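Enquirer: Can you keep this structure in mind? I'll have questions shortly.
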Amino acid sequence: MSANSGSGQPPVCPRHPHTVSYVNCQRCGRPTCVKCQVPAAVGIQCVDCVREQRRATAQPRTALGARVRSGTPVVTYVLMGISLVFYVLQLALGYEFTSRMWFVPFGAGQEPYRFLSSAFVHAQNNILHLAFNMYALWIVGPFLEHMLGRARYLALYILSALGGSTAVLLLANTPEALMTPVVGASGAIFGLFAAVLIVMRRVGRQATQIFIVIALNVVIGFVVPGISWQGHMGGLVIGAILGALFAWSPREHWKGYALLGTAITLAGLAIAAVWQLTRYGLM
């Protein structure tokens with residue numbers, strides 16, 4: 001029954017009290033003006049009832065608690081797009097741009113942004129370096145983005161990239177290593193490799209193939225010259241840590257665990273980097 005019933009006054013919409021409405025919401029029975037009407041399977045509902053119904057309806061979730069999204073893996077494609085744009089800039093601007101983005105342990109204390117920017121530039125004279133990393137991202141990224149959700153997936157990628165650069169710094173024990181530039185998304189990709197292995201095991205899927213891929217790439221990193229195995233190992237370790245945290249944290253409280261775990265991991269990387277830079281007198 002409407003609020004105006006029996007008052008002799010025409011019914012008005014509660015949200016627009018100056019608008020007369022003779023149409024009532026099928027759920028709450030209040031007058032609903034044209035601006036507030038939402039067509040339902042039977043009759044009309046007001047926007048307030050529709051909003052409450054949507055809040056009450058449980059949204060589908062993955063086994064790891066992320067909201068199920070249909071359509072394009074947005075974060076994966078954005079990460080690929082940034083790398084492609086950076087490569088075009090490398091080709092257009094040459095050494096000047098690449099040298100501003102790559103990671104060199106010796107200068108990391110003065111330009112800490114290089115810990116992350118180096119993950120988006122690749123070897124200028126070897127397009128296969130970019131192609132391999134982007135192909136790997138395209139293969140494993142959408143699955144992880146779906147299972148973890150966009151926020152955890154992006155945190156995994158960024159922290160794995162930072163872990164790769166930090167490992168390069170921590171393991172640089174010669175003057176030559178301190179001055180050697182490092183580029184590429186391999187640290188981040190290895191982090192995704194470790195995480196996808198853990199997540200697949202967590203949800204009961206066969207993970208033998210991805211394990212073989214990881215093992216082969218680890219071996220390649222040690223036997224092929226010019227590849228930063230340190231960055232690979234750093235990304236792999238961080239990816240394994242965050243992958244285990246994201247996969248095995250309680251489904252109902254995953255947000256809190258994810259925030260805390262991400263913050264602790266980031267702080268740990270920062271402390272390790274500062275310690276090494278201070279040790280070498282580079283800060």
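The values are calculated or read from the model by the stated rules, or taken from the named source; none is laboratory data. Computed from a predicted structure; not experimentally measured. Note that we place each Cβ from the backbone using ideal geometry, even for glycine, and neighbour counts take in every protein chain shown.
Enquirer: Take residue 270 and decide whether it is surrounded by 13 or more Cβ atoms within 10 Å (Cβ to Cβ), on the phi < 0 side of the Ramachandran plot, of a type in the set (A, V, I, L, M) and not in a helix (DSSP H, G or I). Can you show your working first?
Expert: Details: surrounded by 13 or more Cβ atoms within 10 Å (Cβ to Cβ): yes; on the phi < 0 side of the Ramachandran plot: yes; of a type in the set (A, V, I, L, M): yes; not in a helix (DSSP H, G or I): no.
Taking the combined requirement at face value, the residue does not satisfy it.
Enquirer: Please find, among 235, 256, 231, 221, the residue that is farther than 13 Å from residue 152 by Cα and surrounded by fewer than 19 Cβ atoms within 10 Å (Cβ to Cβ). Steps first, please.
Expert: Numbers: 235 fails: surrounded by fewer than 19 Cβ atoms within 10 Å (Cβ to Cβ); 256 fails: farther than 13 Å from residue 152 by Cα; 231 fails: surrounded by fewer than 19 Cβ atoms within 10 Å (Cβ to Cβ).
Being farther than 13 Å from residue 152 by Cα and surrounded by fewer than 19 Cβ atoms within 10 Å (Cβ to Cβ) holds for just one of 235, 256, 231, 221, which is 221.
Enquirer: Which one of these does residue 235 not meet: (1) without any contact (Cβ under 8 Å) to a residue 12 or more places away in the chain; (2) small (Gly, Ala, Ser); (3) part of a helix (DSSP H, G or I)?
Expert: So the condition that residue 235 fails would be (1).
Enquirer: Could you grab the pairs with beta carbons closer than 6 Å, sequence gap of 6+ or different chains, first residue in the stretch 208-227 and assigned by TED's automatic domain parsing to the domain that holds residue 123, second one of a type in the set (A, V, I, L, M, F, W, C) and in a loop (DSSP other than H, G, I, E, B)?
Expert: Within 6 Å, the pairs are 221/227.
A quick yes/no check of all residues on (1) closer than 16 Å to residue 133 by Cα; (2) at pLDDT 95 or above:
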| residue | (1), (2) |
| --- | --- |
| 152 | no, yes |
| 158 | yes, yes |
| 169 | no, yes |
| 172 | no, no |
| 176 | no, no |
| 188 | yes, yes |
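Enquirer: Next question, about the same structure. Is one or more of the residues making up the stretch 119-133 in the same structural domain as residue 172 (by TED's automatic domain parsing), surrounded by fewer than 16 Cβ atoms within 10 Å (Cβ to Cβ), outside any loop (DSSP other than H, G, I, E, B) and within 21 Å of the chain's Cα centre (by Cα)?
Expert: yes
Enquirer: Taking the stretch 51-82, which residues are hydroxyl-bearing (Ser, Thr, Tyr) and within 15 Å of the chain's Cα centre (by Cα)?
Expert: So the first thing to find is which residues in the stretch 51-82 are hydroxyl-bearing (Ser, Thr, Tyr), and the list is 57, 62, 70, 72, 76-77.
Those that are hydroxyl-bearing (Ser, Thr, Tyr) and within 15 Å of the chain's Cα centre (by Cα): 72, 76, 77.
Enquirer: Now for a different question. Considering only residues that are under 25 Å from the mean Cα position of the chain (by Cα) and farther than 16 Å from residue 161 by Cα, which ones fall in the stretch 87-102? Steps first, please.
Expert: Filtering the stretch 87-102 down to residues under 25 Å from the mean Cα position of the chain (by Cα) leaves 87-90, 98, 100-102.
87, 88, 89, 90, 98, 100 - these are the residues of the stretch 87-102 that are under 25 Å from the mean Cα position of the chain (by Cα) and farther than 16 Å from residue 161 by Cα.
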